[in-house]
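Worksheet for the structure shown next.
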Amino acid sequence: MTRRDMARYLARRLAQAALVLWAAFTLSFIVLYLLPGDPIEIMTGGGASGDAVDPAQIAALRHEYGFDRPLAVQYLDRLAAALHGDFGRSVTSGVPVLGLIRTGLPATLTLTGLAVALAVPAGAGLALLATYTRTPRLRRLLLSLPSLGVALPTFWVGLVLLQVVSFRLRLLPSAGDAGPAAQVLPAVTLAVPAAAALAQVLARGLDNVLRDPYVETAHAKGAGRLRVHLRHVAPNAVIPALTLLGLVIGELMTNAVVVETVFSRDGLGRITATAVGAEDIPVVQGVVVVSAVVIVLVNLLVDLAYPLLDPRIVLGGRAS
Amino acid sequence: MPLKVTTCGAVCAVLLVAACGSGASAGNPAKAGGSGQPKPGGRLTAALSSAPDCLDPQQAGSSTTITVTRQLVDSLTDQDPATGEIVPWLAESWKAESGARRFTFTLKDGVTFSDGTPLDAQAVKDNFDHLVKLGARAVQASTYLSGYRRSVAVDARTVRVEFDHPNAPFLYGTSTTSLGIVGKATLAKPAADRCASGVVGSGPFVLDHYTPNQEVVERRRDGYAWGSALAPHKGAAYLDQVVFQVVPEESVRVGRLRSGQADVVSLLQPQAAPQLRQEGLALETRSPAGLVYSLNVNVSRPLTADPAVRRAIQKAVDRRQIVTTLYGSVYRPATSVLAGSTPGYTDLGADLAADPAGAGRLLDGAGWKTGADGVRVKDGRRLSLVLRWFSTYAATQSALELVQQQLKVVGVDVVLKQTPVSQALQAFKDGDYDLILGDAPSADPDILRRYYTARGLNAVRLPGGPLQTALDGQAAESDTGKRAAQVAAAQTLLVRDAYAIPLFEGSVIVGVGARAHGVRFDSAARLQFHDAWVS
């Protein structure tokens, strides 16, 4: 692939990314406006406490936040500001949205990064071991673990880990602010479903490749079983798992909503949960766009990695 | 998804508590009232259920925000949670004149904000003038300042507040954080900035830092010397620091208390209380003053317009059964629309005794005959009622289902309809319900008027008449005894005419660890740490 092809490929991907970001921005705007009520009503208590708020005062607040303008004007205004990197201020707390995201994003990225760092070796190790072992019972046991890992609800795993490791055995702190030790349990919780999903796909890939004729050839040439497994089979089975990894990272950011709530941590997930509850439109849009950026980037990196693993894959789908 | 977490919270907590129950013995019975000599220094950790959405007490009304900001901001007066009496704090004395239209406060000498500026009459006047301009951003404060005309700084220590119409509840308002006094530097900031950056107050603690969604850290203000009349000591706080952790999951809050990672944890569910007590954890329970959990009856609807139907419902509900089967007897059966700790509360327990047979007789007498499906019918119309409840009352759903069963026994069908809280205003406006669930904590009986007045949201579609007169009358009466008589009249009318079907008095349950002493509760059972210390 020439350098020009590469540039053309990247340009096309970036254009696609811009489209994805625009769609995320627009969809989140539409969905939030379709929800009943509006942020101002929620902010002033929505009347649930029985207190009647002067409608004139509510109208004044709506005007202050610009929620009284025509929908199209609000949308274009927000879009124009977002293009300049300005998502406005949170309706509930008054904090600039980007500042809010800047405080939450590092925590969530660290957490997802740690979870990936745990999930990849765990998932790969499990799949390799399950396909390598010759004991049928062990194999069956190992292969059933991923389904279990996928099926367990994340909040349940988190609560059980907290109860046992932190509250009963008192090995690790449960608080979100207690340094690196406090990262362990949430990262493990987050890693469980990710590792399980990776193991499932990788194990299936390994099984398929193991049936390929070239594996027999390798054995016939006298290569050891372990060597065949790791050097000849694994690299060819890893592509579907790599594709999945891109998706898994998106899923990790979704699961962060649950994990950050259970472990009382700040992060993008908690910010999202709070903002959705309050219909805090500027914050939700900011979070959606930033998350979309992260996921687009990760998937681009995954795609760029394909040719490194399998020279037959050509980026852009055309042979150069 | 957060909803799912919470739902599990209760279930998992029960399961896990049951699973690891007997072995744990982390907490020792400790009295929140304090034992031994207060010891200065140290740091107390409190786990709260939600993050403060706004660090300005004048704007935000969430319980968490009030708890966090109460330590930073003082009020003109304080309210004794035991008696409901208003007692001195920043104001050493006051008098109400011209039929609760004029209030004159004499301030304590030498009080300063944490930035060194004096808390004088001008500062108080500026606060009230600004509050009125905050409008819908300060919903609570607006109600207390209803009819505000102006404030006059008579001299450095005397401030007079004037209203266009009588406003007896204002005095209670001055004890709340909503009318807490903040410094000039705070008033100069735009409202949204105050939410984000916090306020300058005269309280025993100052804000150290706030990590959103995670923790608020406050540190002692040295030189504080104007504690409320209720505080056992007036001087600087004992604690070096108070750390408020935000821990949304109840089972995690309990776990932190058990393992000593938190000293005080708030908002525990009544179902978990007996088990926790058995483990030796000290629990403090307080019934917040204000309106109890009630089904409010929309009298403009054809079925509930019939007083016999309303009174029959009042009799058919078995309040004792609700609290014993669902709330481990931590909650109490309602004996009025007001909680027992509210000033002016009247015991109407006799009117609220369960009497399903009596309910049946009332309905028989009014011509409601039991139909084929067990539901009563009259003139071809089934006695089927719509009970609307807001999503924020999820913890109360099982109580509503029990009420549904109790009413079914007497031939009244109830359809439960959940409404997202964001549609609350619309629901009140539409009025497409026969019964609607509500409660409203407040330590002043004026909450009755705010909730039931025909001029407000008018949940019950009050047509005016003696109830409205009593509601308005109490707000205009500055004499405590005469005001209580009006409040009693309003409660009696609400219960006997069954505009409201009171169900139970909720309770705030707070777990207190062995290290923590001297934590005080206000009338809404929120925490105060001025006198708290750790051993």
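The values are calculated or read from the model by the stated rules, or taken from the named source; none is laboratory data. Since we're looking at a predicted model, the values are computed, not measured. Cβ placement follows ideal geometry from the backbone for every residue including glycine, while neighbour counts extend to all protein chains displayed.
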Residues in region B:520-535 that are in a loop (DSSP other than H, G, I, E, B), aliphatic (A, V, I, L, M) and either within 19 Å of B:SER50 (Cβ to Cβ) or within 12 Å of the chain's Cα centre (by Cα) (or both) total 2
Only one of (1) more than 9 Å from chain B (Cβ to nearest Cβ); (2) buried (at least 21 other Cβ atoms within 10 Å of the Cβ); (3) touching a residue at least 60 places away in the same chain (Cβ under 8 Å) fails for A:ALA292. Which number is that?
(2)
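Can we say B:GLY198 is touching a strand residue (DSSP E or B) at 6+ places or on another chain (Cβ under 7 Å) and of a type in the set (Gly, Ala, Ser)? Lay out the reasoning, then the answer.
Numbers: touching a strand residue (DSSP E or B) at 6+ places or on another chain (Cβ under 7 Å): yes; of a type in the set (Gly, Ala, Ser): yes.
It is true that B:GLY198 is touching a strand residue (DSSP E or B) at 6+ places or on another chain (Cβ under 7 Å) and of a type in the set (Gly, Ala, Ser).
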What are the residues in region B:418-446 that are under 20 Å from the mean Cα position of the chain (by Cα) and more than 8 Å from chain A (Cβ to nearest Cβ), if any?
B:ILE436, B:LEU437, B:ASP439, B:PRO441, B:SER442, B:ALA443, B:ASP444, B:PRO445, B:ASP446
Show the residue pairs meeting these rules: Cβ distance below 7 Å; 6+ apart or different chains; first residue within region B:230-259 and over 25 Å from A:ASP266 (Cα atoms); second residue among the aromatic types (Phe, Trp, Tyr) and assigned to a strand (DSSP E or B).
B:ALA237/B:PHE205; B:TYR238/B:TRP533; B:LEU239/B:TRP533
So for region B:494-503 (the condition being farther than 20 Å from B:VAL292 by Cα and not in a helix (DSSP H, G or I)), does at least one residue qualify?
no
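Taking A:ILE271 as the residue in question, decide whether it is surrounded by 24 or more Cβ atoms within 10 Å (Cβ to Cβ) and more than 8 Å from every other protein chain (Cβ to nearest Cβ).
Details: surrounded by 24 or more Cβ atoms within 10 Å (Cβ to Cβ): yes; more than 8 Å from every other protein chain (Cβ to nearest Cβ): no.
No: the conditions fail for A:ILE271.
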Which one of these is under 23 Å from B:ARG258 (Cβ atoms), in a loop (DSSP other than H, G, I, E, B) and either at pLDDT 50 or above or of a type in the set (A, V, I, L, M, F, W, C) (or both): B:SER50, B:SER75, B:SER25?
B:SER50
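Scan region A:59-99 for residues that are within 14 Å of chain B (Cβ to nearest Cβ), more than 20 Å from A:GLU41 (Cβ to Cβ) and part of a helix (DSSP H, G or I) and jot them down.
Here is the first cut: in region A:59-99, the residues within 14 Å of chain B (Cβ to nearest Cβ) are A:59-68, A:88-99.
Next, only the ones that are more than 20 Å from A:GLU41 (Cβ to Cβ) stay: A:95-99.
Listed by number, the residues that qualify are A:VAL97, A:LEU98, A:GLY99.
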Working only within region A:265-285, note down all residues that are modelled with pLDDT of 85 or more and either polar (S, T, N, Q) or in contact with a His (Cβ under 6 Å, 6 or more places away or on another chain) (or both).
A:THR272, A:GLN285
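Could you pull out the residue among A:ALA187, A:ALA203, A:ALA151, A:ALA194 that is of a type outside the set (Phe, Trp, Tyr), touching an Asp or Glu at 6+ places or on another chain (Cβ under 8 Å), under 30 Å from A:HIS229 (Cα atoms) and away from every other protein chain (no Cβ under 14 Å)?
A:ALA194
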Here are the criteria: (1) within 14 Å of another protein chain (Cβ to nearest Cβ); (2) assigned to a helix (DSSP H, G or I); (3) crowded, with 23+ Cβ neighbours inside 10 Å. Tell me which single one A:THR254 does not satisfy.
(3)
Within region B:387-422, tally of residues that are touching a residue at least 24 places away in the same chain (Cβ under 8 Å) and either closer than 20 Å to B:LYS369 by Cα or assigned to a helix (DSSP H, G or I) (or both)
22
Among the residues of region B:208-242, write down those that are within 14 Å of another protein chain (Cβ to nearest Cβ), hydroxyl-bearing (Ser, Thr, Tyr) and buried (at least 19 other Cβ atoms within 10 Å of the Cβ).
B:TYR210
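From the list B:SER62, B:SER98, which one is more than 23 Å from B:GLY344 (Cβ to Cβ) and surrounded by fewer than 18 Cβ atoms within 10 Å (Cβ to Cβ)? So that I can check it myself, show each step before the final result.
On the way: B:SER98 fails: more than 23 Å from B:GLY344 (Cβ to Cβ).
Being more than 23 Å from B:GLY344 (Cβ to Cβ) and surrounded by fewer than 18 Cβ atoms within 10 Å (Cβ to Cβ) holds for just one of B:SER62, B:SER98, which is B:SER62.
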Can you name the residue in region B:108-144 that is over 20 Å from B:THR186 (Cα atoms) and either in contact with a Leu (Cβ under 6 Å, 6 or more places away or on another chain) or surrounded by 14 or more Cβ atoms within 10 Å (Cβ to Cβ) (or both) and is also modelled with the highest pLDDT among such residues?
B:LYS108
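Tell me which residues, restricted to region A:260-314, are assigned to a loop (DSSP other than H, G, I, E, B) and farther than 21 Å from A:ASP86 by Cα.
Quick first cut of region A:260-314, residues assigned to a loop (DSSP other than H, G, I, E, B) only: A:263-267, A:278-280, A:310-314.
Hits for region A:260-314 are A:PHE263, A:SER264, A:ARG265, A:ASP266, A:ASP310, A:PRO311, A:ARG312, A:ILE313, A:VAL314.
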Do the conditions hold for A:ALA175, that is, is it modelled with pLDDT under 90 and of a type in the set (Gly, Ala, Ser)?
yes
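Please find, within region B:447-460, the residue that is nearest to the other protein chains (Cβ to nearest Cβ) out of those that are assigned to a helix (DSSP H, G or I) and out of contact with any strand residue (DSSP E or B) (no Cβ under 6 Å at 6 or more places or on another chain). Before you say what the answer is, go through the steps one by one.
Going residue by residue through region B:447-460, those that are assigned to a helix (DSSP H, G or I) are B:447-452.
Next, only the ones that are out of contact with any strand residue (DSSP E or B) (no Cβ under 6 Å at 6 or more places or on another chain) stay: B:448-450, B:452.
On the way: B:LEU448: 10, B:ARG449: 10, B:ARG450: 6, B:TYR452: 8 Å.
In this case the residue turns out to be B:ARG450.
Quick test for you: out of B:VAL292, B:VAL323, pick the one residue that is out of contact with any helix residue (DSSP H, G or I) (no Cβ under 7 Å at 6 or more places or on another chain), in contact (Cβ under 8 Å) with a residue 12 or more places away in the chain and surrounded by fewer than 24 Cβ atoms within 10 Å (Cβ to Cβ).
On the way: B:VAL292 fails: surrounded by fewer than 24 Cβ atoms within 10 Å (Cβ to Cβ).
Result of the check over B:VAL292, B:VAL323: B:VAL323.
Could you please give the count of residues in region B:247-267 that are under 20 Å from the mean Cα position of the chain (by Cα) and either within 10 Å of chain A (Cβ to nearest Cβ) or farther than 30 Å from B:VAL495 by Cβ (or both)? First the steps, then the outcome.
Step one: filter region B:247-267 for residues under 20 Å from the mean Cα position of the chain (by Cα), giving B:248, B:250, B:264-267.
Now drop any that are not either within 10 Å of chain A (Cβ to nearest Cβ) or farther than 30 Å from B:VAL495 by Cβ (or both), which leaves B:248, B:250, B:264-266.
Here the count works out to 5.
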Conditions (1) over 22 Å from B:PRO343 (Cα atoms); (2) more than 14 Å from every other protein chain (Cβ to nearest Cβ) -> B:ALA138 fails only (2)
Tell me, which residue of region B:380-401 that is under 21 Å from the mean Cα position of the chain (by Cα) and among the β-branched types (Val, Ile, Thr) is farthest from the other protein chains (Cβ to nearest Cβ)?
B:THR396
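Restricting attention to region A:121-136, does a residue exist that is within 9 Å of another protein chain (Cβ to nearest Cβ) and not β-branched (Val, Ile, Thr)?
First, the residues of region A:121-136 that are within 9 Å of another protein chain (Cβ to nearest Cβ): none.
No.
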Could you list, in sequence order, all residues of region A:174-231 that are more than 26 Å from A:LEU145 (Cα to Cα) and of a type in the set (Ser, Thr, Tyr)?
A:SER174, A:TYR214, A:THR217
